[in-house]
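Read through the structure below, which is laid out as structure tokens, and then see the notes.
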Amino acid sequence: MNDSIKNNPVADNVQSGKRTLGILQAGRSPEEIIDRYPDYNQMFVDLLGEESFNYRTWAVLDNEFPDSIDDADVWLITGSRHGAYEPHEWIPPLEQLIQAIYAKGSPMVGICFGHQIIAQALGGKVEKFAGGWSVGRVEYKLDAGIFNDITEHSTPLMAFHQDQVMEIPEGAVNVGSSNICQHAALVYDSRILTIQPHPEFDKSFVGGLLEARGDILPKEVLENANSNLHETITPEPIARTLRDFLNGISRAHGVNHVA
């Protein structure tokens with residue numbers, strides 16, 4: 001990634017025609033494997049394509065925030081090992097930023113923790129799911145009116161979570177689910193699109209996560225996640241959906257509720 005774009009506090013749109021994507025980094029790759037894998041912000045550059053946007057990153061988990069909602073054209077909130085409901089000092093200002101971006105109408109995407117914190121900030125409820133963890137390769141039912149090149153009955157993506165959005169905010173529409181997660185994707189008209197799974201995680205990285213953090217998982221969950229890592233995941237259809245959404249090519253008008 002071009003450091004002059006990543007680190008420049010102005011992120012001057014010198015590359016004509018590209019929007020500036022502000023990545024609000026809420027988590028990091030575990031220290032045990034950071035030498036083998038990219039950090040969370042770089043994973044999204046790799047997923048969406050380095051040439052797709054001018055990228056800027058704010059490490060919100062370190063209380064690093066943009067000076068203004070005009071510092072980027074579009075926004076993305078990453079995953080995190082932290083819970084949206086935990087009493088971290090950076091959670092309230094992040095919620096306030098989400099509310100301001102939503103009020104302005106700038107496109108925003110949230111992944112896993114990002115999916116959850118956006119829902120919480122806009123009036124939804126996030127909890128630790130009593131039904132347990134969802135880890136590894138998971139099949140999702142996604143609304144084909146929103147997501148590019150998918151079939152509603154079977155879209156495999158990587159997951160690593162127990163927290164879930166249990167109640168969705170007023171105005172949000174559920175457009176994705178799995179057998180363990182009812183609200184796995186939400187759309188808020190043409191402004192916000194969020195998903196619970198991780199399209200930025202490949203099977204190698206999830207294997208690394210299981211090495212580094214597998215001790216927090218029940219034995220059967222860990223064994224099942226390891227057993228299905230060899231199966232194929234194709235993230236490009238979701239990446240294309242996210243790129244289009246962030247670039248204002250929204251398919252939200254075709255939304256259908258997914259139960």
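The values are calculated or read from the model by the stated rules, or taken from the named source; none is laboratory data. As the structure is a prediction and not an experimental result, all values here were calculated from the model. Note that each Cβ is placed from the backbone with ideal geometry, even for glycine, and that neighbours are counted across all protein chains shown. We work out accessible area using only protein heavy atoms, side chains counted, and drop any ligands, DNA or RNA first. Shrake-Rupley method; radii C 1.70, N 1.55, O 1.52, S 1.80 Å.
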Subject >> In region 32-60, the residues that are outside any strand (DSSP E or B), of a type in the set (D, E, K, R) and closer than 23 Å to residue 94 by Cβ >> reply: 39
Subject >> Complete set of residues in region 103-113 that are touching a helix residue (DSSP H, G or I) at 6+ places or on another chain (Cβ under 8 Å) and either open to solvent by 10 Å² or more (accessible area, probe 1.4 Å) or over 19 Å from residue 200 (Cα atoms) (or both) >> reply: 104, 106, 107
Original post:
Between a first residue in region 219-247 that is hydroxyl-bearing (Ser, Thr, Tyr) and a second residue that is part of a loop (DSSP other than H, G, I, E, B) and buried (at least 16 other Cβ atoms within 10 Å of the Cβ), which pairs have beta carbons less than 6 Å apart while being 6 or more apart in sequence or on different chains?
Top reply: 241/147; 241/148
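Go over the candidates 116, 120 one by one and state the one that is open to solvent by 10 Å² or more (accessible area, probe 1.4 Å), part of a helix (DSSP H, G or I), closer than 28 Å to residue 237 by Cα and touching an Asp or Glu at 6+ places or on another chain (Cβ under 9 Å). If you could, list the steps in order and put the result at the bottom.
Numbers: 116 fails: open to solvent by 10 Å² or more (accessible area, probe 1.4 Å).
Only one candidate qualifies: 120.
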**OP:** Within region 17-31, identify whether any single residue is surrounded by fewer than 13 Cβ atoms within 10 Å (Cβ to Cβ), modelled with pLDDT under 95 and either under 29 Å from residue 127 (Cβ atoms) or among the β-branched types (Val, Ile, Thr) (or both), and answer yes or no.
**Re:** yes
Original post:
Out of all the residues in region 64-75, is one or more more than 15 Å from residue 246 (Cα to Cα) and either open to solvent by less than 10 Å² (accessible area, probe 1.4 Å) or within 15 Å of the chain's Cα centre (by Cα) (or both)?
Top reply: no
